[in-house]
Amino acid sequence: MLWLLAAALLAAGYTLGRLRPGTRTFDWASDTIDRPEVTRRTIRWWLCQVVFAVVVARLFITAPRRTAHQWRHRHDPPPPLGAALVFDPDWAEKRAATEEADHA
């Protein structure tokens, strides 16, 4: 009897993993909230807010420190870019000189 329960739980877990209901629900909410006809006066807007609240709660439950850090720094400016690349116009002569020195 116990093995039957274990097999049923494994099958249910596999099915949920294949169907990915959480990802599908979040994708639905993300696509729905961007539509112009979905406003605060519609039920779909409020359903999307519930989905987003569940996602944020899950993030805080599974990775609280990382989620809090990212939440605090979400409006930080991006890091500065590195210096622009400068190409040496004499690279061909320098390369030929080093190749001659290597073969000599």
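The numbers here are math on the coordinates, done by the rules we state, and not lab data. Given the structure is predicted, the values throughout are model-derived calculations rather than measurements.
Miscellaneous remarks
- Rounded to the nearest whole angstrom, the semi-axes of the ellipsoid equivalent to the chain, taken from the Cα gyration tensor as √(5λ), stand at 53, 28, 16, largest first.
- For segment 13-72, the ratio of Cα radius of gyration to the globular rule of thumb 2.2 N^0.38 Å stands at 1.33.
- Most mobile of 84, 57, 92 in a GNM of the chain (Cα contacts under 10 Å): 92
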